[in-house]
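Working notes for the structure below.
Only the coordinates and a few stated rules stand behind these numbers; no lab work does. Since the model is a prediction, treat every value here as computed from it, not as a measurement. Every residue, glycine as well, gets a Cβ built from its backbone with ideal geometry; the counts of neighbours run over all protein chains shown.
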Amino acid sequence: LVDRVIAAKLLRTKCRFAAPGVREDYSSTPIDVVADVKTEKIVVLGGSGFVGSAICRAAVAKGIEVVSLSRSGRPSYSDPWADEVTWLAGDVFYARWEDVLVGATAVVSTLGGFGNEEQMKRINGEANTIAVDAAKEFGIPKFILISVHDYNLPSFLLTSGYFTGKRKAESEVLSKYPSSGVVLRPGFIYGKRKVDGYEIPLDIVGQPLEKLLSSVENFTKPLSALPGSDLVLASPVNVDDVAYAVINAVIDDSFFGVFTIEQIKEAAASARV
């Protein structure tokens, strides 16, 4: 009886191959198939902000578990998607990473800001570097950084704390995550931005400008080699395109490296399908 039970189990798990032209009857040898379902959980740093909240919203729409860490905690959104996010209030410099990162498959950082030189180096560079190092230490497979387009500026104009901080963060991502780190470099990001309870419709400017630049792209392309030309010619990016490019990076293991404005839009289109 024991031998029969063992034989039955072997029949249920053994892969069988038929020779060409030979038809096998599988009715007596059922195969148990266990689906390999990959679940995603992301931690969004700065998830209550303009870009961060768009990423949270897109992730929820795709069935991805979301945790947001920001100093302000939960924003004042009343939208249903916001109830699906775990909102944590905290500072990256003092975060309890063992609590924040538990179970995460990717970290997304939207950290950045303006101020004096030291403030910009701290928030754009040091804060992101700390987050990358923490994610790597806790074994998080992916890190996705929202950086900034360089606008084709000469190198001597990229020495401000804003750009040097962002590039320092980029370097940390690409060195710690050489085959799974993602750096998105959008330009002007537009959409409906909420500030202190007021909605600022950045899309009134961004959307028409994006369409205009797209329509004249063939004529303006030769000018792109001129230093600083992208201050005028770089296409704005919808905040939802940035968000869905992040989603694409989360779910596609072949998506890594540095991505330009146009590549961000292409990645977003892929994720929306």
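Mind giving me the FRET efficiency for Ile251 and Ser229? R0 is 41 Å, r the Cβ-Cβ distance, nearest 0.05 is fine.
Numbers: r = 35 Å, r/R0 = 0.84.
FRET efficiency, Ile251 to Ser229: 0.75.
R0 = 45 Å: FRET efficiency of Ser171 with Asp83, Cβ-based, nearest 0.05? Intermediate values should be presented prior to the final figure.
Numbers: r = 37 Å, r/R0 = 0.83.
With a Förster radius of 45 Å, E is 0.75.
Measure up Lys176/Lys265; Lys121/Lys168; Lys168/Lys265 against 18 Å on the Cα-Cα distance and list the ones that go over. The partial results should precede the final answer.
On the way: Lys176/Lys265 26 Å; Lys121/Lys168 9 Å; Lys168/Lys265 24 Å.
From Lys176/Lys265; Lys121/Lys168; Lys168/Lys265, over 18 Å: Lys176/Lys265; Lys168/Lys265.
Give me, ordered by chain and number, the residues 5 or more places off Asn238 or on other chains with an amide H under 5 Å from its own placed amide H.
For Asn238, the qualifying residues are Tyr190.
Taking amide H positions as placed 1.01 Å from N in the peptide plane, with prolines and chain starts having none, which residues 5 or more places from Leu145, or on another chain, fall under 5 Å of its amide H?
Amide H neighbours of Leu145, under 5 Å, 5+ apart: Ser109, Val182, Val183, Leu184.
Spin-label point model (7 Å from Cα, Cβ direction): what's the Val205 to Val273 distance in nm?
Here the answer is 3.5 nm between the modelled labels.
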